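The values are calculated or read from the model by the stated rules, or taken from the named source; none is laboratory data. Keep in mind the model is a prediction, meaning the values are calculated, not measured. So basically every Cβ, Gly included, is an ideal-geometry build from the backbone, and we count neighbours across all protein chains shown. Side chains are part of the model used for accessible areas, which takes the heavy atoms of the whole protein and leaves out ligands, DNA and RNA. Shrake-Rupley method; radii C 1.70, N 1.55, O 1.52, S 1.80 Å.
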Amino acid sequence: MLRRLLISLFVLLSYVGTTFGQSFDYLPAPVGGHQIIAYPQFTLSYNETHEQPDWVAYMLTSQEAMIEDSFSGIFTEDDSISTGSAHEDDYRSTGFDRGHLSPAADNKASEATYQQSYLMSNMSPQLPTFNQGIWKRLEAWVRDNAITYDTVYVVTGPVFVHNL
């Protein structure tokens, strides 16, 4: 079910997003009191309670999707988060991957934007089989659609289960 939901979300955004023109003037609804930060390649809403984004939104063009440059990323805390972002220790010995919500491969416009994709505020805990499996394939599918349709708008986010 979750797999179908994620794929449906990306399909909808890929095709509907192309009708909005070249600007990314819409974002998901703000979440009560959560900090929203806009970086050059993506925008996120940070959930302090869960130390991860509520959502991450970005526009991906065909030119960006085809960039071949290879940078090296380093996971770092996000100093822009007023309450302090998640950090490496939050993931240590948990069995979860630090899953990019705006993938590094979609942020290759410059070394600076690539490194911003490694900010801990852009990470969500993902089981390794999910992160390195279907999520990785979904990210590649989004890039393929950006190349096919010239521009796609993408919104990703975690599913909080049993959250009271």
Which one of these is in contact with a strand residue (DSSP E or B) (Cβ under 9 Å, 6 or more places away or on another chain), under 23 Å from E77 (Cα atoms) and in contact (Cβ under 8 Å) with a residue 60 or more places away in the chain: D106, D97, D90?
D106
All but one of (1) touching a residue at least 60 places away in the same chain (Cβ under 8 Å); (2) within 25 Å of Y149 (Cα to Cα) hold for S124, so report the exception by its number.
(2)
Restricted to the stretch 46-104 and to residues being under 22 Å from F130 (Cβ atoms), among the hydrophobic types (A, V, I, L, M, F, W, C) and in contact with a helix residue (DSSP H, G or I) (Cβ under 8 Å, 6 or more places away or on another chain), the residue most open to solvent (accessible area, probe 1.4 Å) is F96
Could you list all residues from the stretch 118-140 that are more than 13 Å from the chain's Cα centre (by Cα) and either under 21 Å from Y91 (Cβ atoms) or surrounded by 15 or more Cβ atoms within 10 Å (Cβ to Cβ) (or both)?
L127, P128, T129, F130, Q132, G133, I134
Test for L12: is it within 17 Å of T156 (Cβ to Cβ) and at pLDDT below 95
yes
Going by the conditions given, is Q115 crowded, with 16+ Cβ neighbours inside 10 Å, over 28 Å from A29 (Cβ atoms) and not hydroxyl-bearing (S, T, Y)?
yes
